[in-house]
1. Find, among the trypsin sites (Lys or Arg not before Pro) in the range 319-428, those assigned to loop by DSSP (not H, G, I, E, B) with at most 14 other beta-carbon atoms within 10 angstrom.
2. Name the residues of the range 394-420 whose amide N is less than 13 Å from a point 7 angstrom out from the Cα of R370 along the C-beta direction?
3. Calculate the FRET efficiency for T219 and R121 from the Cβ-Cβ distance with a Förster distance of 30 Å, rounded to the nearest 0.05.
4. Could you work out how much longer the chain between D400 and S256 gets when fully extended? Use 0.36 nm per residue separation minus the Cα distance between them, nm to one decimal.
5. Strictly over 25 Å apart at the Cα level, which of K262/K362; K265/K430; K120/K170; K429/K462 would you flag in this model?
6. Tally Lys and Arg at +1 and Asp and Glu at -1 over the other residues with C-beta under 12 Å from the C-beta of D465: what net charge comes out?
7. Hey, which lysines would be in cross-link range of K108, C-alpha to C-alpha under 16 Å, not counting anything within fewer than 8 residues on its own chain?
8. What is the Cα centroid distance between the range 407-471 and the range 162-228, reported in whole angstrom?
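Readers should treat all values here as calculations from the given coordinates under stated rules, not as data from a laboratory. Treat the numbers as computed from the prediction; the structure is a model and nothing was measured. Counting neighbours? That spans all protein chains shown, and the Cβs are built from the backbone with ideal geometry, glycine included.
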Amino acid sequence: MASEREVSRMIKQGFLSSDPTLSFNLPSSTTPPRMKMVSNNGRSNRSLNNLSPPYTTTPVYPDNQTQTLFQIMSEEPSHQSKISKIMKEFEDLNCYGRGDVRLTVIGKDGHAQISMDVHKRVLLEKSGFFRDSLKGRDQGVVVQSVEISDCDDVEVYLETLVLMYSHDLKRRLMDEDVSKVLAFLKVSADIMFETGIVSCLECLEAMPWSEDEEEKVVTQLGHLQLCDLAAEVLQRVSSEPSTSTRANDIFLRLLSGVMQAKDDKARREMRTLISRFFRENSSDHGNRLDVSKDSLYSLCYRCLSSLTLCLSEVTGIDDCRVDRGVLMAQVAQEAENMRWIVDILIDRKIGDEFVKLWADQKELALLHSRIPTMYRHEISKITAQLCIAIGRGHILVPKDCRFSLLSTWLEALYEDFAWMTRSCRSVDKKLVEDGLSQTILTLPLLQQQIILLTWFDRFLSKGDDCPNIQKAFEVWWRRAFIRQHAAEPDNSHLQITVCDHPN
């Protein structure tokens, strides 16, 4: 009974047709709407298919086989509530009295059919489409009927039509979320509701978006092809070509800022964030944001200079007057920065030049040997990092470069191994041992012998304080004494004959 009273009130206000067989259901798909326009005597006007969006011309009659409005409203209270809310807003905004155009909105397959009496003057003033469709037609007819069919969302179409009566659209849209504003924008574009389009775009430009909403906004605006009108909205997700050329400078600034950070916790968090940016960027080959190889190596040279300077100061200071701990903290930070940049180089497959650069640091290696292990082991992590990358095939360098690396830094790695693996939970002992083993086994057999026999003596005296590369030792032994491979002469008699053939 309550539902019937509510519907009666809706009919009395001219929002619904007095025909009780009008019905609605939820729409199921999305295709462009169609419009039909007839006068109240039932005679059709000429076809409007040449307008945008496409429309047809037939009388508006409901399907008597569908459920009645009373049945649907009793089964769908939430839908009834939404329609009632739209009706109430229409009542509040309508200052023109009873309408002179009967507008029917129909969902997909004839479902969700709802009629309301609107005003021709409002349609002509607000909608470019209705101006083209209604102006100058049936001047002697009191009421015209317009049917919009195949609507994606009947409620959104009705609400958009009601928005034509609003005097402050931007304020009205403030209560809506991004998805609803996009829905209003689509309908406004369909019926060429200029004020609605502008207000929706202004609202979208000012609203915050989630990442999912951002995708919806970009996609929807792309489909609607609003061009210059949507340019300001998209400025937060797009840039002028000149901005992309500054990407290298932006990345370089971010990297430098992290490396010089004073707060340890903040430095770790931002280092993790920037590293993720690089991984995402490298996985998207079409991404325009990148940092050049030269910029990354300039940071490496900066770190090397700082390390050399810090170690020189540490070895030359008077313990009574200078706090060595402060300098060693700087050494640890610079070494950590270096490892971070090397990680980026390895990930981008441009770490080969750094292997040679690190192998040539004879002066740094000499200074390293003069500092207590508890302070210097951070530097040896760089050598371990390179051995792991070489052993996995992530860095490919000539054998001379590999041997030079081990000649310069292997002794330091042996000395610092115990501190590295015991004081740093981030260091995987087995990973370092495997990387070192594989790097040694890539060398010529005689160089393997020199390195592994030296390791054998050290391991016997140091035990677990020395990396256990026994597997590499076994492989070398089998290569040298069991599975000896000698180059056999090529005894094949391959003959190549060249013949001239007449044309």
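1. R321, K349, R370, R392, R425
2. In the range 394-420, the label zone of R370 (backbone N under 13 Å from the point 7 Å along Cα→Cβ) covers no residue.
3. 0.25
4. Fully extending the segment from D400 to S256 adds 48.6 nm.
5. Correct reply: K262/K362; K265/K430.
6. +1
7. K36
8. Rounded to whole Å, the Cα centres lie 64 Å apart.
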